[in-house]
Structures are given as structure tokens and as C-alpha cells.
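A short write-up of the structure that comes next.
The values are calculated or read from the model by the stated rules, or taken from the named source; none is laboratory data. Computed from a predicted model, the values in this text were never measured in an experiment. Cβ: placed from backbone, ideal geometry, glycine included. Neighbour counts: every protein chain shown. Areas reflect the complete protein model, heavy atoms only, side chains present, ligands, DNA and RNA absent. Shrake-Rupley method; radii C 1.70, N 1.55, O 1.52, S 1.80 Å.
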Amino acid sequence: MTRPADIDVRPITEAEFPDWNRALNTGFLQAPAIGDEQLRARRNQFVPGRLLGAFDGDRCVATFRSFAQELTAVGGAAVPADAVSNVTVSPTHRRRGLLTRMMAQDLAAAKERGDVVATLIAAEYPIYGRYGFGPATTMTEWTVDVPRAGLDPRWAAPEDGGRIDLVDGEDVRKLGPELHGRLRRAQPGAVSRAELWWQTRTGVLSMDGSAWREPFYAVYRSSAGEVEGMVSYRADDHWGDAKQPLNTATVDWLIGVTPAAERALWRYLCSIDWITTVRSGWRAPDDLLPHFLPDPRAARITTQADWLWVRILDVVRALEARTYDGSGALVLEVADRDRLTGGRWLLEASEAGASCTPTTRSADLVLGVGELAALWLGDESAVRLAALGRVREERAGAARVADALLRTSRRPWCPDMF
Ligand SMILES: CC(C)(COP(=O)(O)OP(=O)(O)OC[C@H]1O[C@@H](n2cnc3c(N)ncnc32)[C@H](O)[C@@H]1OP(=O)(O)O)[C@@H](O)C(=O)NCCC(=O)NCCS
């Protein structure tokens, strides 16, 4: 076994990109061979300095990629984020500290660049807490039993005078980015999408080499003709023994920037002939979907899990970037084992804005940087974390004050996997 100190962890060169991709596929248990077309598509993600590899001799045995992203804070500000992805260590080299070394290099560089947070979607819960990440949004997936929902089978078009049209991939690439931009500005937890996102979702480029099967795309326009919603979905082909249709529509992604658009698109999906089941895809836990149905219990939760993990790199800028519905002051003692941020801060917040300044006042609440991340987007409760012993009240009632300041009336949502 090569000693860990003899394994080189460093940014890769462009010439090393094919080998790095073989290691990436290996770590994700995908066939290591990569076709030329796939490699060409992935090359769009090569940014010098942002792809790290670990090398045992000249063999790449670990991968790590980060890229520039914007994350929407509570209130709509776009915060610069270091998005982490493609994290793998080959099974021959696991548990020798390679992820720890790659993460330390990347977070130090992100801090140096001035990113406010780092973000990722965790394959497994126990991996990233040790690096100061906390689960900041939740993902819920529903399965709708359409016949049970109690919807009027004569439905033919949105009641509000809007309309739904089927469109093709070119329309999606034309209309989607602007629509998504509107969603993102209004949705805490949402992240920016590169042009590549739209290209891979419409079959222009393939990152995994699988054969492209075109989904259905539909657009909702309001009665004023405004594009307010869009959905991509697929259908299977399943018939029961008695020759009855039992097909499932699976939503790849659905954007609605108004409740009317969301209502119309879900109603549309539940009205397609032969479709008896609709799978919702990744939604926020307080999505309106169940309540668009006369019988909300027809929408059964089939997946619920932590989704976006956030690592705060700058407590001051993170807390000052978001808005607050109430007023109050709180002294937070934030522990950061890796010393990237942390310290004792006085947060003074009101609807007019917030300031976060270093203080010598005694702490009201003591918490880790990961717990602060879980609270920052408004999804988690300080009272709950105190009950679990994960935040400590130094002043009685401080967790309730934190909840009044930090929690939000709608839950944050990150629609994307990256
Ligand atoms: C997850 C993975 C990247 C970890 O890499 P690694 O180099 O083995 O991690 P390290 O050796 O730096 O581990 C650091 C610590 O995390 C722990 N850890 C790492 N992966 C873990 C996991 N999946 N579950 C629980 N603990 C884990 C280690 O035990 C170690 O703990 P310690 O500090 O108490 O000793 C690697 O196992 C892997 O590639 N897994 C398959 C692909 C994957 O899940 N990638 C993540 C995508 S988000």
C-alpha cells in the first residue's frame, strides 16, 4: 500500500482529464470506459484549478470538482457559492484521508476567492458534516394515485384562461433559462443553472453516454400570454391484465413561477389519458401539489430526505445577505473546527436589514458551523436542534428567538441535483 503522504493531491491538467474521468466513473460504479462524445460533453466542465485529482504514481485514484454557482438566500440575494461535485475515491484507496485532503484544498481556495458558502448534494448523510456542512434543504417526492384524487375527468384546459402547449427541446432552451431565472430569484435554496444544464436536459449533449430518449415538454402561459410554467416528463407503457391503462408519468423537472402555473401543470399531468400515476420528482416538502387535488391523500410521500448541504465560509456575509421578517438581537458563538469562519457574533436584524459584528458579549446560543447552515436558509429549527443537544442555549429562550428571526414561512427548495 502506498503511504498516504506519497499520494499527490493537486489540480489536474487538461491532458489528465480522460484518466480523471475513468476514476470518476469507477468511484460512481459506472463502466470506466468513456466514449469520445461523452468526453467532449464533459470537457465543458473543465475549469483550470477547479478539478482536483489524487495520483498514486501516474494513476488517478480520486476526483473532486468544484464550480462557481449562485445560491439564493432568504429574501432573494444571489450569494456566490463554491459548488462541490464529482467527489470519488477509488475503492482501493478509500479511508486514507484523500477526500479530507481534497476538501481542505478546495474550501481553502473558495475562502480565498471570497465565496460565501460551499454547496453540495450528499450521496450519503454521514460524509460531509465533519467538514462543516449542514443539511439546509429537504426534498420530497410524491406519487399521485390519479383515480383517487377526485379530479373532474372532463377537465380540458386551465380554468383561469391560461393555456398549456406541448413544445420541443429548442423551445425549452429558448424559454427555460429566463423562466428559471424568475424562479431562482424568488426561491431561497435555488441555485444557478449553466447553459450546459439545458443542453443535457434537451438531448444536445450527453454526459453519461446513455441513448437519448426525448421526454415530453409542456409550457403554461397565463391569460395575458406570459410564460409562467414549464414541465418535462416521461411516460412508461404499462397495461393491466384486464387491458386497462396503468401508465405512470414521471416528472423530470417542473417550474411554476405562480401558484396558477403550478396548479395548471399538475392538473394537466393528472388529466392525461392512460396516466393513472404521477410521480412528482424533487419538490419542496411544503409544495402545493397535494392541495391542488380534491383528495390530498391521493398524493403519497414516497421519498423524503436531506438535499442541499451548505458550508458557510463567511458567517458575516451569509447572515447579512439574507432578510429577516422580525426584529431582534442574538449573540451566536459559532464553532468551526477548520477555522475558515466562526467566532462570536452579534446579529442585529430587522425588516430593514441586518448587521453581524464581532462581539465580546456573552453568547446566547452556541452552535457548530454546520448547524448554522441548517438554520440559515430557514428550514431547520433551533428549538429542535437544542432538543437534540446540537445547539446549546446559554440564555433561556435564545433558541426561540433564533427561530423567530431565521425560520421562514415557506420552506427553502433546491430543485437541482449537481
Ligand atoms: C465518500 C468517499 C468520497 C470518502 O472518501 P475517503 O477518502 O474514503 O474519505 P476519508 O478517508 O477522507 O474519510 C474521512 C472521514 O470520513 C469518514 N467517511 C468517509 N466516507 C464515509 C461514508 N460513506 N460513510 C461514513 N463515514 C465516511 C471516514 O471514515 C473518515 O472518518 P474519520 O475522520 O473519523 O477517520 C469515498 O468513500 C467514495 O468515493 N465513495 C463512493 C462515491 C461517493 O459516495 N461519493 C460522494 C458523492 S457526494
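If you go through the stretch 61-73 and keep only what is open to solvent by 10 Å² or more (accessible area, probe 1.4 Å) and more than 12 Å from the chain's Cα centre (by Cα), you end up with Arg65, Phe67, Ala68.
Restricting Ala354, Ala318 to those that are closer than 26 Å to Met103 by Cβ and either within 26 Å of the chain's Cα centre (by Cα) or at pLDDT 95 or above (or both) reduces the list to Ala318.
When each of Asp287, Asp273 is tested for being in a loop (DSSP other than H, G, I, E, B), open to solvent by 30 Å² or more (accessible area, probe 1.4 Å) and under 19 Å from Leu151 (Cβ atoms), the lone residue that passes is Asp273. Highlighted here are the helices (runs of 4 or more DSSP H) found entirely within the stretch 304-418 that include at least 2 residues which are in contact with an Asp or Glu (Cβ under 7 Å, 6 or more places away or on another chain) and farther than 30 Å from Gly256 by Cα: 382-387, 398-406. With respect to the stated conditions, Arg234 fails to be open to solvent by less than 50 Å² (accessible area, probe 1.4 Å) and in contact with a Pro (Cβ under 9 Å, 6 or more places away or on another chain).
In the stretch 88-106, the residues that are modelled with pLDDT of 95 or more reach residues that are of a type in the set (Ser, Thr, Tyr) with C-beta atoms within less than 6 angstrom, at least six apart or across chains, in these pairs: Thr88/Thr63; Ser90/Thr26; Met103/Tyr131; Asp106/Ser66. Under the condition of being in contact with a strand residue (DSSP E or B) (Cβ under 6 Å, 6 or more places away or on another chain) and surrounded by 14 or more Cβ atoms within 10 Å (Cβ to Cβ), the residues counted in the stretch 165-175 number 3. Test Ala108 against the criterion of being over 25 Å from Glu214 (Cα atoms), among the small types (Gly, Ala, Ser), open to solvent by 50 Å² or more (accessible area, probe 1.4 Å) and more than 16 Å from the chain's Cα centre (by Cα), and give yes or no. Here the answer is yes, as Ala108 does meet what is asked. For the stretch 137-164, the candidate set comprises residues that are part of a loop (DSSP other than H, G, I, E, B) and either of a type in the set (D, E, K, R) or in contact with an Asp or Glu (Cβ under 6 Å, 6 or more places away or on another chain) (or both); within that set, the residue that is most open to solvent (accessible area, probe 1.4 Å) is Arg154. Could you tell me whether any residue of the stretch 340-362 is among the hydroxyl-bearing types (Ser, Thr, Tyr) and touching a Ser or Thr at 6+ places or on another chain (Cβ under 7 Å)? Yes, there is a match, as at least one residue in the stretch 340-362 is among the hydroxyl-bearing types (Ser, Thr, Tyr) and touching a Ser or Thr at 6+ places or on another chain (Cβ under 7 Å).
Confirm whether Glu228 is touching a strand residue (DSSP E or B) at 6+ places or on another chain (Cβ under 9 Å), assigned to a strand (DSSP E or B) and modelled with pLDDT of 95 or more.
Numbers: touching a strand residue (DSSP E or B) at 6+ places or on another chain (Cβ under 9 Å): yes; assigned to a strand (DSSP E or B): yes; modelled with pLDDT of 95 or more: yes.
Yes; evaluated as a whole, the condition is true for this residue.
Scanning the stretch 353-373 for residues that are open to solvent by less than 10 Å² (accessible area, probe 1.4 Å) and either within 19 Å of Gly328 (Cβ to Cβ) or of a type in the set (Lys, Arg) (or both) yields a count of 4.
I'd like to check something: does the stretch 191-203 contain any residue that is farther than 20 Å from Thr137 by Cα, of a type in the set (Val, Ile, Thr), open to solvent by 50 Å² or more (accessible area, probe 1.4 Å) and not assigned by TED's automatic domain parsing to the domain that holds Arg42? There is no residue in the stretch 191-203 that is farther than 20 Å from Thr137 by Cα, of a type in the set (Val, Ile, Thr), open to solvent by 50 Å² or more (accessible area, probe 1.4 Å) and not assigned by TED's automatic domain parsing to the domain that holds Arg42.
Within the stretch 256-269, if we keep just the residues that are touching a helix residue (DSSP H, G or I) at 6+ places or on another chain (Cβ under 8 Å) and surrounded by fewer than 24 Cβ atoms within 10 Å (Cβ to Cβ), the residue that is farthest from Pro296 (Cα to Cα) turns out to be Val257.
Looking only at residues of the stretch 8-59 that are open to solvent by 70 Å² or more (accessible area, probe 1.4 Å) and of a type in the set (Gly, Ala, Ser), we find that the one that is modelled with the highest pLDDT is Ala15.
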